[in-house]
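Every number in this text was worked out from the coordinates using simple rules, so none of it is lab data. Values in this document were obtained by computation on a predicted structure and should not be read as measured data. Cβ: placed from backbone, ideal geometry, glycine included. Neighbour counts: every protein chain shown.
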């Protein structure tokens, strides 16, 4: 079975957690979004794991820096 | 109250939120919930040695569902817990402790002694209630810290959640990222208990009654259509009924508000012996085809409580919305699975309590006795003969440290007969006693029909040449017996003690429901209470002249320890 993770789902989730009024661009880096600090990064990771019932490896956490990267990582997890 | 449309919308939203808040928790769904209704703000300061942020960030929807907004002021990581990082007034102080991160605390004795020492140091800085969320915390450490005699200190039970979540309690994988060993799921569950149970029990007022619909709420089916033998007690509804029996035993009133014939209801409870609930568990029954908001008002009046201290449970969101538009009762949607209703009920602010007082256990019997007293008052020829017929005993406790929890409870819960509406917590009352024993007087009331327990508290301080009375509160269960002057004049005399003040200066606040107290002081002082609060002064000689033991047995325990 193929699970599709749409970029706009991730954009919505990230915006929701960060309290953004507009969706972040898929390629916008975490470092370019002031609200996306380390504490919010934890919340985003937790929210993603909840929503998609996946577990990222510890080594992956730091690399989840854009919506596009997150979506790609999720697709890989869900396809495995 | 909110405007009608907003109140109804809030009841609907509360029902819609319930599956998200009380079934399996998902952080993203929780973070999407936004409450448009106003809420009471609570400021809590967090002293911690591991990350609290994953908990704090999940609390808003749980707090909002209970009409609260929590302003978390989180300190730096500090394994020494020195409490010197900020100042200010807070409603609660939270200790968020991972004991495994503390060095040199091997063994229960050392860990308990350290914790008592640190809580004592914090208590020396503030009289705000202290809520401890520490893990691991063995039963031995819990018992020792609990017995340390630190007032307004509460120990949250993280162990039960840890036990239930088992291997999911911690998550080594995310510990470095999040700053805590606790898993995401654990943080969400702690957030829920903190915002719905522990914090409201620490800074809020308790729920006094639960009014319940019948059909689709306490069982599956419709009594009027299916008949009493055909309505189904599902396992979930059986659990719900058993939980309600447990709450009844803890002193929370139960009431029925149903659109059924009373005879049908009585027959069902008589014949359905499989129901954990019996008709006798309900202190008020409203079986009528009228609107439920009016029925809730009648229930509150019969139970002598404010409707805002009541929960209304119904399976029909429309009924909840209609009731909410006219009643301040808290609404809970009864869901098809009774177990889900239990989870929602458990998490209504004010249902969880840190302990059950002796007065809680006396409440139902005391209410039943009230009906007999009303009949006696009508039948006896004079006030004296009425009082004599009751065999009333008033016991006065001066500076009784062991009654501090009950006196704080009275201060927190009493709305109708509360002159200043001051909410003194345990630490503040204990401090008044430590300063001067006679600063705090409690009153216990018994008659031949029931023991009402400690029903009044008066707190004051000498302000030479006068005496300032900052708190005067009488439980509504003691009202209507024509005893107010007798008990309060004596209590005020004991409060004055040897000081012989020129005047008693009463703090007055005008609230939405404390007119009984304001009417009393107006009559007692022979002066009109200031319309916007402030103070009212009464000559000490006038108070002395009011003291009587007419038709009542008086017992005074000076600097006593109540048994």
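Partner chain Cβ atoms within 10 Å, averaged over the residues of B:50-60 - can you pull that number for me?
Mean shielding count: 2.
Going 7 Å from the Cα of residue B:527 along its beta-carbon direction, which residues of segment B:453-497 have the amide nitrogen within less than 16 Å of the resulting point? In segment B:453-497, the label zone of residue B:527 (backbone N under 16 Å from the point 7 Å along Cα→Cβ) covers B:463, B:465-470.
With a simple spin-label model that places each label point 7 Å from the Cα along the Cα-to-Cβ direction, the separation between residue B:361 and residue A:4 comes to 6.4 nm. Relative contact order of segment B:82-150: 48 percent, from C-alpha pairs under 8 Å at least 6 residues apart in sequence.
Assuming a viscosity of 1.306 mPa s and a temperature of 10 °C, what translational diffusion coefficient in µm² per second does Stokes-Einstein assign to segment B:2-52, Rh being the Kirkwood radius over Cα pairs? For these conditions, the coefficient is 117 µm²/s. Obtain the nm distance between the two label points defined at residue B:294 and residue B:84 by a simple spin-label model: each point lies 7 Å from its Cα along the Cα-to-C-beta direction. Going by the 7 Å Cα→Cβ label model, 6.6 nm.
Just check segment B:322-433 against the gyration tensor rule for me: Cα atoms, a ≥ b ≥ c as the square roots of the eigenvalues, rounded for a/c under 1.5, and otherwise prolate or oblate depending on whether a/b exceeds b/c.
Working: a/c = 2.24, a/b = 1.30, b/c = 1.72.
Because a/c hits 1.5 or more and a/b fails to exceed b/c, segment B:322-433 counts as oblate.
Against chain A, whose longest principal axis comes from its Cα atoms, helix A:67-79 is set at around 20 degrees. Treating the Cα atoms of segment B:345-407 as identical point scatterers in vacuum, please give the log10 of the normalised Debye intensity I(q)/I(0) at q = 0.12, 0.19, 0.23 Å⁻¹, two decimals. Results for segment B:345-407 at q = 0.12, 0.19, 0.23 Å⁻¹ read -0.54, -0.92, -1.03.
Just order B:10-22, B:377-389, B:51-63, A:12-24 by mean Cβ neighbour count inside 10 Å, highest at the front, would you? Kindly include the intermediate steps, with their values, before the conclusion.
Values: B:10-22: 19.9, B:377-389: 13.4, B:51-63: 23.4, A:12-24: 16.9.
Final packing ranking: B:51-63, B:10-22, A:12-24, B:377-389.
Rounded to the nearest 0.05, what FRET efficiency do residue B:402 and residue A:39 give with R0 = 35 Å and r taken as the Cβ-Cβ distance? Could you check?
Values: r = 44 Å, r/R0 = 1.26.
The calculated FRET efficiency here is 0.20.
DSSP beta bridges fully contained in segment B:455-545 are about 80 percent antiparallel. For residue B:6 and residue B:371 in the same chain, what is the full-extension length gain: residue separation times 0.36 nm, less their Cα-Cα distance, in nm? Result: 127.6 nm gained on full extension. From the largest down, segment B:149-299 spans 63, 36, 29 angstrom on the principal axes of its Cα atoms. In Å³ and rounded to a whole number, note down the convex hull volume per residue for the Cα atoms of chain B. So the per-residue hull volume is 166 Å³.
Multiplying each eigenvalue of the alpha-carbon gyration tensor of chain A by 5 and taking the square root yields semi-axes of 19, 14, 11 Å, largest first, rounded to whole angstroms. How many angstrom separate the Cα center of segment B:98-128 from the Cα center of segment B:217-235? Each part's Cα centre sits 53 Å from the other's. When you work out D = kT/(6 pi eta Rh) for segment B:77-161 at 25 °C and 0.890 mPa s, using the Kirkwood radius from C-alpha pairs as Rh and the Stokes-Einstein form, the result is 185 µm²/s. Compute the long axis of helix A:38-52 from its Cα atoms, compare it with the longest principal axis of the Cα atoms of chain A, and write down the angle in degrees, 0 to 90, nearest 10. The answer is roughly 30 degrees.
Quick one: what do you get for the protein assembly as shown if you divide its Cα Rg by 2.2 N^0.38 Å? Don't jump to the answer; show the numbers that get you there.
Values: Rg = 27.4 Å, N = 643, 2.2 N^0.38 = 25.7 Å.
Against the empirical 2.2 N^0.38 Å value, I get 1.07 for the protein assembly as shown.
Inter-chain Cβ neighbour count for A:37-44, averaged per residue, equals 5 (cutoff 10 Å, partner chain atoms only).
I need the Debye-formula profile for segment B:212-278: one equal scatterer per C-alpha, no solvent, reported as log10 I(q)/I(0) at q = 0.20 1/Å, two decimals. Rounded to two decimals, the profile gives -0.78.
Please label the shape of segment B:143-191 as rounded, prolate or oblate, based on the square roots a ≥ b ≥ c of the eigenvalues of the alpha-carbon gyration tensor (a/c under 1.5 means rounded; beyond that, a/b larger than b/c means prolate, else oblate). Judged from the Cα gyration tensor, segment B:143-191 comes out prolate (a/c at least 1.5, a/b above b/c).
Contact order for segment B:253-394, expressed relative to its length and based on alpha carbon pairs under 8 Å spaced 6+ residues apart, stands at 16 percent.
In the protein assembly as shown, helices alone account for a calculated mean residue ellipticity at 222 nm of -12500 deg cm²/dmol, with every DSSP H run of four or more residues adding -39,500 (n - 2.57). Short-range pairs are left out: with C-alpha atoms under 8 Å and at least six residues apart, the relative contact order of chain B is 12 percent. Hey, what angle do you get for helix A:7-18 against the long axis of chain A, alpha-carbon based, 0 to 90 degrees rounded to 10? Approximately 50 degrees, to the nearest 10.
The spacing between segment B:451-523 and segment B:312-345, judged by their C-alpha centroids, is 38 Å. With no solvent and one equal point scatterer per Cα, compute the Debye intensity ratio I(q)/I(0) for segment B:374-502 at 0.12, 0.13, 0.15, 0.20 Å⁻¹ and report its log10, rounded to two decimals. Ignoring solvent entirely, the Cα scatterers give -0.46, -0.53, -0.69, -1.09.
Rounded, prolate or oblate: which fits segment B:473-551, taking a ≥ b ≥ c as square roots of the Cα gyration tensor eigenvalues, rounded meaning a/c under 1.5, else prolate when a/b beats b/c? The shape class here is oblate.
In square nanometres, what is the average projected area of the Cα convex hull of segment B:506-563?
Numbers: hull surface 24.7 nm².
With the hull built on Cα positions only, its mean projection is 6.2 nm².
Note on segment B:1-122: semi-axes of the ellipsoid equivalent to its C-alpha gyration tensor, largest first and rounded to whole Å, are 36, 17, 11. Among B:522-531, B:200-209, sorting by the average number of other beta carbon atoms lying within 10 angstrom of each residue, highest first, gives B:200-209, B:522-531.
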